[in-house]
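K.L.:
Just dropping this structure here.
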Amino acid sequence: NAGVTQTPKFQVLKTGQSMTLQCAQDMNHNSMYWYRQDPGMGLRLIYYSASEGTTDKGEVPNGYNVSRLNKREFSLRLESAAPSQTSVYFCASSNYRNTEAFFGQGTRLTVV
Amino acid sequence: QKEVEQDPGPLSVPEGAIVSLNCTYSNSAFQYFMWYRQYSRKGPELLMYTYSSGNKEDGRFTAQVDKSSKYISLFIRDSQPSDSATYLCAASGGGADGLTFGKGTHLIIQP
């Protein structure tokens, strides 16, 4: 059982480059999330999708866009990467009421 | 001020000790409270969740919520070196709008 799968695991970008982080879940969850984790800041919500066809901003959405491709897949796009977006990105999916959220292994992104 | 506050530690205890990890929160709308464990360079792993006030036990782990004081606790009995990790508390109002996390406490169990 794969759970939540993120690709890529590591990425180095130059300032101004774009990229898309991919996430897929096989638990038939309606809700999916993108978080970033920075030292001393904890996990912060970037965007979420409560169900297929809907997306909403979280705490730190600036500089990001998302697409809920279908029930399984939720992608995060950086259109013009900045050094401030250097972070570890986690995708998660959860059941109704958000009581059991499962996380992927993360993408370590460095923007130089 | 974050809605969920957690001492980052590190907290270092000898093997076999009882560990107490704590968080406070400020949002009265939070109804569900979770504890996650995160090993270095890995994703957070759900340990357990509780609804409203009360206790929940799972093996060596006990989660406790006191809504009157807005206090969340995780107790680990008979701590093992393999319990060394960062422990994250989180809270939710029960909607689909994501979890609010504390910053995590780094726990070290000394053999």
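K.L.:
In the range B:1-45, which residue that is within 16 Å of B:Val65 (Cβ to Cβ) and hydrophobic (A, V, I, L, M, F, W, C) is farthest from the other protein chains (Cβ to nearest Cβ)? Give the derivation first.
P.N.:
Here is the first cut: in the range B:1-45, the residues within 16 Å of B:Val65 (Cβ to Cβ) are B:3-6, B:20-36.
From what's left, hydrophobic (A, V, I, L, M, F, W, C): B:4, B:21, B:23, B:29-30, B:33-35.
Details: B:Val4: 8, B:Leu21: 14, B:Cys23: 11, B:Ala29: 13, B:Phe30: 11, B:Phe33: 9, B:Met34: 7, B:Trp35: 12 Å.
If we take residues in the range B:1-45 being within 16 Å of B:Val65 (Cβ to Cβ) and hydrophobic (A, V, I, L, M, F, W, C), then B:Leu21 is farthest from the other protein chains (Cβ to nearest Cβ).
K.L.:
I want to confirm something. Restricting to the range A:47-66 and keeping residues that are assigned to a strand (DSSP E or B) and away from chain B (no Cβ under 12 Å), which single residue is farthest from A:Gln85 (Cα to Cα)? Steps first, answer last, please.
P.N.:
Keep residues of the range A:47-66 that are assigned to a strand (DSSP E or B), which gives A:47-49, A:56-57, A:64-66.
Adding the requirement that they be away from chain B (no Cβ under 12 Å) leaves A:64-66.
Details: A:Tyr64: 9, A:Asn65: 13, A:Val66: 15 Å.
Restricting to residues being assigned to a strand (DSSP E or B) and away from chain B (no Cβ under 12 Å), the top hit is A:Val66.
K.L.:
Which condition number in (1) in a loop (DSSP other than H, G, I, E, B); (2) within 14 Å of chain A (Cβ to nearest Cβ) is the one that B:Lys56 fails?
P.N.:
Status for B:Lys56: all satisfied but (1).
K.L.:
Now a separate question. Does A:Ser80 qualify as being away from every other protein chain (no Cβ under 14 Å), assigned to a loop (DSSP other than H, G, I, E, B), out of contact with any helix residue (DSSP H, G or I) (no Cβ under 6 Å at 6 or more places or on another chain) and more than 25 Å from B:Glu3 (Cα to Cα)?
P.N.:
Working: away from every other protein chain (no Cβ under 14 Å): yes; assigned to a loop (DSSP other than H, G, I, E, B): yes; out of contact with any helix residue (DSSP H, G or I) (no Cβ under 6 Å at 6 or more places or on another chain): yes; more than 25 Å from B:Glu3 (Cα to Cα): yes.
It is true that A:Ser80 is away from every other protein chain (no Cβ under 14 Å), assigned to a loop (DSSP other than H, G, I, E, B), out of contact with any helix residue (DSSP H, G or I) (no Cβ under 6 Å at 6 or more places or on another chain) and more than 25 Å from B:Glu3 (Cα to Cα).
K.L.:
Conditions first: (1) facing another protein chain (nearest Cβ under 9 Å); (2) surrounded by 15 or more Cβ atoms within 10 Å (Cβ to Cβ). A:Gln11 passes all but one, so which condition is the exception?
P.N.:
Against the list (1) facing another protein chain (nearest Cβ under 9 Å); (2) surrounded by 15 or more Cβ atoms within 10 Å (Cβ to Cβ), A:Gln11 comes up short only on (1).
K.L.:
State whether the residues of the range B:89-111 include one that is touching a Lys or Arg at 6+ places or on another chain (Cβ under 7 Å) and over 21 Å from A:Tyr47 (Cα atoms).
P.N.:
Checked the range B:89-111: no residue is touching a Lys or Arg at 6+ places or on another chain (Cβ under 7 Å) and over 21 Å from A:Tyr47 (Cα atoms).
K.L.:
Quick check: anything in the range B:92-99 touching a helix residue (DSSP H, G or I) at 6+ places or on another chain (Cβ under 7 Å), within 14 Å of another protein chain (Cβ to nearest Cβ), under 14 Å from B:Glu3 (Cα atoms) and assigned to a strand (DSSP E or B)?
P.N.:
Yes: the range B:92-99 contains one or more residues that are touching a helix residue (DSSP H, G or I) at 6+ places or on another chain (Cβ under 7 Å), within 14 Å of another protein chain (Cβ to nearest Cβ), under 14 Å from B:Glu3 (Cα atoms) and assigned to a strand (DSSP E or B).
K.L.:
From the residues in the range B:37-53 that are in a strand (DSSP E or B) and in contact (Cβ under 8 Å) with a residue 12 or more places away in the chain, which one is farthest from A:Gly106 (Cα to Cα)?
P.N.:
Within the range B:37-53, the match that is farthest from A:Gly106 (Cα to Cα) is B:Tyr51.
K.L.:
I'd like to know if the range B:69-78 contains one or more residues that are within 14 Å of chain A (Cβ to nearest Cβ), free of Cβ contacts under 8 Å to residues at least 60 places away in the same chain, part of a strand (DSSP E or B) and at negative phi.
P.N.:
no
K.L.:
Additional query: Cβ-Cβ under 7 Å, sequence separation 6+ or interchain: first residue in the range A:92-112 and more than 7 Å from chain B (Cβ to nearest Cβ), partner small (Gly, Ala, Ser) and surrounded by fewer than 16 Cβ atoms within 10 Å (Cβ to Cβ). Which pairs?
P.N.:
The qualifying pairs are A:Val111/A:Ala82.
K.L.:
Something else now. Could you check A:Asn28 against (1) within 11 Å of the chain's Cα centre (by Cα); (2) without any contact (Cβ under 8 Å) to a residue 60 or more places away in the chain and say which number it fails?
P.N.:
(1)
K.L.:
Scan the range B:51-59 and give yes if some residue there is under 17 Å from B:Phe101 (Cα atoms) and in contact with an Asp or Glu (Cβ under 9 Å, 6 or more places away or on another chain), otherwise no.
P.N.:
Within the range B:51-59, not a single residue is under 17 Å from B:Phe101 (Cα atoms) and in contact with an Asp or Glu (Cβ under 9 Å, 6 or more places away or on another chain).
K.L.:
Within the range A:34-46, count every residue that is at the interface with chain B (Cβ under 9 Å from one of its Cβ atoms) and under 14 Å from the mean Cα position of the chain (by Cα).
P.N.:
Let us first name the residues in the range A:34-46 that are at the interface with chain B (Cβ under 9 Å from one of its Cβ atoms), namely A:35, A:37, A:40-45.
Restricting the remaining residues to those that are under 14 Å from the mean Cα position of the chain (by Cα) gives A:35, A:37, A:43-45.
Qualifying residue count, the range A:34-46: 5.
K.L.:
Which of the residues that make up the range B:1-19 are within 13 Å of B:Tyr87 (Cβ to Cβ) and exposed (fewer than 13 other Cβ atoms within 10 Å of the Cβ)?
P.N.:
B:Pro10
Every number here is computed from the coordinates shown, using simple stated rules; none is lab data. Fair warning: this is a prediction, and the values are worked out from it, not measured in the lab. As a convention, Cβ positions derive from the backbone with ideal geometry for all residues, glycine included, and neighbour counts pool all protein chains shown.
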